[in-house]
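Report on the structure given below.
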Amino acid sequence: MESLDDAEVEVFDDSKSAPEDRADVGPLDETEANPVRPYVDLGGVKILPREGLHLRLEVEEGSKRVVAVGLDFAKSTLQVQPFAAPRTTGLWNEIRGQISEQIEKQGGTTAEVEGPFGPEVRAEIPVMGGDPGTIRRARFIGVDGPRWFLRGVIAGDAAHEGEAAEKIEELFRSIVVVRGTTPMPPRELIPLAMPKAGPTDAPGTTPSVV
């Protein structure tokens, strides 16, 4: 019988993955953000309005629960989701591998590269129902914060290098995560909500629900 010492045990790196200057340049925790800035309050995240930004709340059909925030900007889309995480360990190092495995099962390809937020997954994903060989390029980014993990999925022009990528990366940095004090298990989605009373009509920022 194989002993525990002889068995092959898969060990995940549970260290936090985040830029060294995250607490200064973002994504920010609520305790690190400027309280007087005119954020759009969506519960688990706050979004800083800007000209040309279109905000979409993605709602789960059965439960009517808001499950993601979509941001259309600079001919690109950025989908963000905040999750609860342990205080001292991170999630992104393990989740990256799970994302790559899932995409490859769909017939896509992935590559892990070093990006502005640390390791990220660049993917080419087959378009379901499209012409054979049609692919969609996407970037999966993630940052481990204090008791939260913020995941982003970038598509459109910003999935490539260039000015659009820089604009979307700056948009991701400007997001504030509101973890709250309610106990939550790691990987649970921090509750998102419709915009609360506040600067939802800021110049150029258009909210909608899908």
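The values are calculated or read from the model by the stated rules, or taken from the named source; none is laboratory data. If you're wondering where the values come from, they're calculated on a predicted model, not measured in any experiment. Don't worry about glycine lacking a Cβ; one is built from the backbone with ideal geometry, like all the others, and counts go over all protein chains shown. For accessibility, only protein heavy atoms count, side chains too; no ligands or nucleic acids. Shrake-Rupley method; radii C 1.70, N 1.55, O 1.52, S 1.80 Å.
Tabulated values for the structure
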{"item": "The stretch 47-63, subset part of a strand (DSSP E or B) and touching a Ser or Thr at 6+ places or on another chain (Cβ under 9 Å), residue surrounded by the fewest Cβ atoms within 10 Å (Cβ to Cβ)", "result": "HIS54"}
{"item": "Residues satisfying the stated conditions in the stretch 87-117, i.e. closer than 20 Å to ASP157 by Cα and either polar (S, T, N, Q) or in contact (Cβ under 8 Å) with a residue 60 or more places away in the chain (or both)", "result": "THR109, THR110, PRO116, PHE117"}
{"item": "Residues of the stretch 53-73 that turn out to be farther than 13 Å from LEU192 by Cβ and at pLDDT below 95, as a count", "result": "2"}
{"item": "Restricting the stretch 118-153 to residues that are among the hydrophobic types (A, V, I, L, M, F, W, C) and not in a strand (DSSP E or B), the residue that is nearest to the chain's Cα centre (by Cα)", "result": "VAL127"}
{"item": "Test result for THR77, open to solvent by 60 Å² or more (accessible area, probe 1.4 Å), at pLDDT 95 or above and among the polar types (S, T, N, Q)", "result": "no"}
{"item": "Criterion violated by GLU60 - all others in (1) among the acidic types (Asp, Glu); (2) within 19 Å of ARG173 (Cβ to Cβ); (3) free of Cβ contacts under 8 Å to residues at least 60 places away in the same chain satisfied", "result": "(2)"}
{"item": "Flag if GLU163 is more than 18 Å from VAL25 (Cβ to Cβ), surrounded by fewer than 18 Cβ atoms within 10 Å (Cβ to Cβ) and in contact (Cβ under 8 Å) with a residue 60 or more places away in the chain", "result": "yes"}
